[in-house]
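Asker: First the structure, which I've put down as structure tokens, then a few questions once you've had a look.
Every read-out reported here was derived from the displayed coordinates using simple, explicitly stated rules and does not represent laboratory data. Nothing here was measured: the structure is a model prediction, and the numbers come from that model. Positions of Cβ are generated from backbone atoms using ideal geometry, with glycine treated the same way; all protein chains shown enter the neighbour counts.
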Amino acid sequence: MMTDLLDIPVKTVQGRETTLNEYRGQVLLIVNVASKCGLTVQYEGLEKLYADKRERGFVIAGFPANDFKGQEPGTDAEILDFCTSTFGVDFPMFSKISVKGPDKHPLYKNLTGSDVETTGEGPMRERLKGAGLASDDNEVLWNFEKFLVGRNGKVVARFAPDVTADDNRLVSAIDRELAKA
């Protein structure tokens with residue numbers, strides 16, 4: 001049986017040991033982020049989404065990862081400074097982790113082991129395959145892949161990296177989860 005993902009130890013970007021348990025009962029969007037990626041501009045949309053829905057019990061958890069072409073080379077302090085000064089990120093950020101491969105963090109082992117089908121698969125996966133950078137396994141495809149966790153602490157949806165924060169498929173899924181008691 002898999003560990004409750006909200007009980008898995010993580011560390012905030014400021015270095016405090018914690019779990020995601022403080023968000024139990026809320027709707028959580030877990031995103032692996034990177035500062036030097038073509039998709040980094042998604043921080044702006046994610047922050048807007050967080051600001052729009054946080055009062056209804058919605059949280060975004062950003063997990064920096066350097067697993068894709070070295071696109072998150074900075075320290076936790078540098079990452080936090082970049083996110084706040086460039087995009088005004090106010091949602092919770094966590095310490096840099098690995099989201100794929102042999103060093104994959106237990107949180108991501110749990111997320112990718114959930115067998116929830118990915119929404120938005122297509123153009124990005126095909127481009128990455130063409131460049132020899134994508135596989136057909138259940139690993140995280142690239143930076144800014146999104147996992148939606150319901151109020152019950154279970155993964156309810158997964159979105160490809162190129163599904164942006166204003167994509168109706170993502171927003172609708174979040175609203176459906178927020179509507180649940």
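Asker: Quick check on the chain: helices-only [θ] at 222 nm, where DSSP H runs of length 4 and up contribute -39,500 (n - 2.57) each and the sum goes over total residues. Nearest 500, please.
Answerer: -8500 deg cm²/dmol
Asker: Just how large is the dipole of the stretch 106-173 about the Cα centre, in debye to the nearest 20, putting +1 at every Lys and Arg Cβ and -1 at every Asp and Glu Cβ?
Answerer: That gives a dipole near 240 debye.
Asker: Using the crude model of +1 on Lys and Arg Cβ and -1 on Asp and Glu Cβ, and no other charge, please compute the dipole size for the stretch 5-179 relative to its Cα centre, in debye to 20.
Answerer: The dipole of the stretch 5-179 has a size of about 220 debye.
Asker: Follow-up question, since we're still on this one. Going 7 Å from the Cα of ASP7 along its beta-carbon direction, which residues of the stretch 106-120 have the amide nitrogen within less than 20 Å of the resulting point?
Answerer: 106-115, by backbone N distance to the label point.
Asker: Using θ = phi - 60° and the Karplus relation 6.51 cos²θ - 1.76 cosθ + 1.60, list the HN-Hα couplings for the stretch 26-36 in order, rounded to whole Hz, with x at every Gly or Pro.
Answerer: 10, 8, 10, 10, 9, 10, 8, 10, 8, 8, 10
Asker: For the chain, what is the convex hull (Cα atoms) projected area averaged across all directions, in square nanometres?
Answerer: Mean projected area for the chain: 9.7 nm², to one decimal.
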